[in-house]
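Have a look at the structure below before the remarks.
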Amino acid sequence: MAKAKTVFYCQNCGAQSPKWVGRCASCGQWNTYVEEVVQKETSANLWKKPEDRKRKTPKPQLLQDISAGGEKRVVLPDAELNRVLGGGLVPGSLVLLGGEPGIGKSTLVLQVALGMKGVPVLYVSGEESEQQIKMRADRLKLRNDRFYVLTETQLENIFQQVAETDPGLLVIDSVQTIFTDKIESSPGSVSQIRECTAELLRFSKQSGVPVFLIGHITKDGTIAGPKILEHMVDTVLQFEGDRHHLYRILRSVKNRFGSTAELGIYEMQSSGLREVSNPSEVLIAQREELLSGVAIAATMEGVRPLLIETQALVSSAVYGTPQRSSTGFDLRRLSMLLAVLEKRCGFRLGAKDVFLNLAGGIRVEDPAIDLAVICAILSSNEDIAITPKICFAAEVGLSGEIRPVARVEQRIGEAEKLGFEQIIISKYNKKGLDLSRFKGIRIHAVSKVEEVFSLLFG
């Protein structure tokens with residue numbers, strides 16, 4: 001009997017080696033190589049019938065002869081997902097959806113698939129039984145008469161059922177459970193994930209059927225499997241959020257057919273995920289009395305303006321070392337802003353505990369939130385409440401200057417739409433800004449942090 005051929009694969013980047021090595025030469029990670037048994041791969045496509053395997057050889061075309069028409073898109077019943085995908089689902093595209101366990105990946109895809117009336121959908125699950133999927137579908141209270149459920153993990157059997165049902169959408173839950181007989185290794189290994197994804201990619205491109213792949217993530221937050229998995233697919237979506245919070249955020253990490261700057265927000269309910277069309281009203285808490293340490297920031301998530309509530313608490317340090325805690329905001333940037341307040345503005349915060357929180361469980365990296373953070377900290381320190389009808393949109397520099405931010409007109413427009421009466425921006429943002437467009441909001445342009453303090457606290 002011939003000896004089985006084995007190859008070593010790096011679990012991090014998918015690099016191949018004939019022998020085990022301690023350190024991967026491609027990505028530099030240590031102790032990531034695992035041994036896998038391989039077979040000689042057949043050139044035939046798994047998903048096609050033998051009589052359909054003849055293909056035309058592609059021929060080169062001149063660039064000027066290629067038509068530049070936009071891709072035809074399938075409009076999904078989910079407006080938020082449509083926005084993140086760039087206007088709908090492109091036929092023949094491969095979409096990878098990753099996220100924490102229990103965050104709602106399967107619920108989101110099932111909800112979208114059930115909402116596609118009249119489109120045959122094949123939902124392949126390698127993790128749940130038919131009864132579990134049926135119970136989840138009953139809870140969502142959606143109905144699609146052409147929705148097929150298949151509990152199978154072998155790729156050859158999946159393609160056999162695909163040929164029989166001829167679906168308009170294929171869902172694989174999850175890609176880490178699928179395996180093919182071409183590779184003699186366990187499901188979830190580097191070679192299995194790579195081979196199965198390659199076959200699914202070939203199927204989607206040649207048949208024009210869009211495919212949704214649900215992927216697990218590692219403890220570091222990256223998609224499990226080789227990094228090449230993200231390179232192979234057309235779109236990578238990240239489903240984020242805390243299981244203890246109501247809201248979930250859908251981000252586009254990679255998109256060949258649209259912008260990666262889009263963002264979708266959902267609210268988790270017992271009947272499924274509800275689209276949040278106006279997230280600013282959700283992210284700003286409704287309260288009856290004025291409280292100190294609260295400031296509203298006009299931020300941008302991609303191309304979408306959001307107004308987010310910034311909460312700060314400054315208290316005397318009980319222990320010797322003051323604490324610095326931040327939720328949803330970069331801790332190092334918070335330390336930098338506190339140093340600016342100490343050095344440039346004369347506020348003695350070095351001996352005090354500072355806690356910062358962004359309401360709604362959302363994480364923001366937009367530098368335009370700096371001014372709101374500083375004002376919330378000073379409001380808590382002085383115990384003076386900031387009027388809820390004012391918001392902030394400016395970056396703070398190391399010398400205490402107020403720096404301009406991008407797309408300030410959209411930020412002002414969103415604040416005006418939500419009923420804010422005043423907004424503080426940088427003085428240098430006024431260049432080329434048509435202030436006559438905004439009748440219902442007063443715009444304060446400042447250049448130094450001290451001007452903001454005198455404006456707010458007198």
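The values are calculated or read from the model by the stated rules, or taken from the named source; none is laboratory data. Treat the numbers as computed from the prediction; the structure is a model and nothing was measured. Note that each Cβ is placed from the backbone with ideal geometry, even for glycine, and that neighbours are counted across all protein chains shown.
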**Study point:** Matching residues, the range 149-182, being in contact with a Lys or Arg (Cβ under 9 Å, 6 or more places away or on another chain) and either among the aliphatic types (A, V, I, L, M) or at positive phi (or both)
**Key:** V149, L155, A163
Study note, to complete from the structure: Counting only residues that are within 18 Å of the chain's Cα centre (by Cα) and either charged (D, E, K, R) or not assigned by TED's automatic domain parsing to the domain that holds E421 (or both), the range 291-329 contains a total of 2
Check your understanding: Of the residues that make up the range 182-203, is at least one surrounded by fewer than 20 Cβ atoms within 10 Å (Cβ to Cβ), of a type in the set (G, A, S) and in contact with a Gly (Cβ under 8 Å, 6 or more places away or on another chain)?
Key -> yes
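A quick yes/no check of all residues on (1) over 23 Å from E71 (Cβ atoms); (2) part of a helix (DSSP H, G or I); (3) not assigned by TED's automatic domain parsing to the domain that holds E240:
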site: V95; (1), (2), (3): no, no, no
site: G102; (1), (2), (3): yes, no, no
site: T107; (1), (2), (3): yes, yes, no
site: Q111; (1), (2), (3): yes, yes, no
site: L142; (1), (2), (3): yes, no, no
site: V171; (1), (2), (3): no, no, no
Exercise for review: Please go through the range 429-458 and pick out each residue that is assigned to a strand (DSSP E or B), hydrophobic (A, V, I, L, M, F, W, C) and under 16 Å from G413 (Cβ atoms).
Suggested key: I443
Practice item. For the range 184-196, indicate whether the set of residues that are at pLDDT 90 or above and more than 27 Å from the chain's Cα centre (by Cα) is non-empty. Key: no
**Study point:** the range 288-315 residues that are within 29 Å of S277 (Cβ to Cβ) and touching a residue at least 12 places away in the same chain (Cβ under 8 Å), paired with ones that are assigned to a strand (DSSP E or B) and charged (D, E, K, R) (beta carbon under 7 Å, 6 or more apart)
**Key:** V294/E309; I296/E309
Exercise for review: Identify, by number, the condition in (1) more than 30 Å from N12 (Cβ to Cβ); (2) surrounded by 19 or more Cβ atoms within 10 Å (Cβ to Cβ) that E130 doesn't meet.
Suggested key: (2)
**Study point:** Subset of the range 360-406 (residues that are touching a helix residue (DSSP H, G or I) at 6+ places or on another chain (Cβ under 9 Å), of a type outside the set (V, I, T), part of a loop (DSSP other than H, G, I, E, B) and in contact (Cβ under 8 Å) with a residue 60 or more places away in the chain)
**Key:** A385, L398, G400, A406
Exercise for review: Tell me which residues, restricted to the range 207-226, are surrounded by 15 or more Cβ atoms within 10 Å (Cβ to Cβ), of a type outside the set (V, I, T) and not in a strand (DSSP E or B).
Suggested key: S207, P210, H216, A224, G225, P226
Practice item. Of the numbered conditions (1) in contact with a Gly (Cβ under 7 Å, 6 or more places away or on another chain); (2) in contact (Cβ under 8 Å) with a residue 12 or more places away in the chain, L334 fails exactly one; give the number of that condition. Key: (1)
Exercise for review: Sort out which residues of the range 157-199 are within 22 Å of G99 (Cβ to Cβ) and among the basic types (K, R), and write them in order of number.
Suggested key: R194
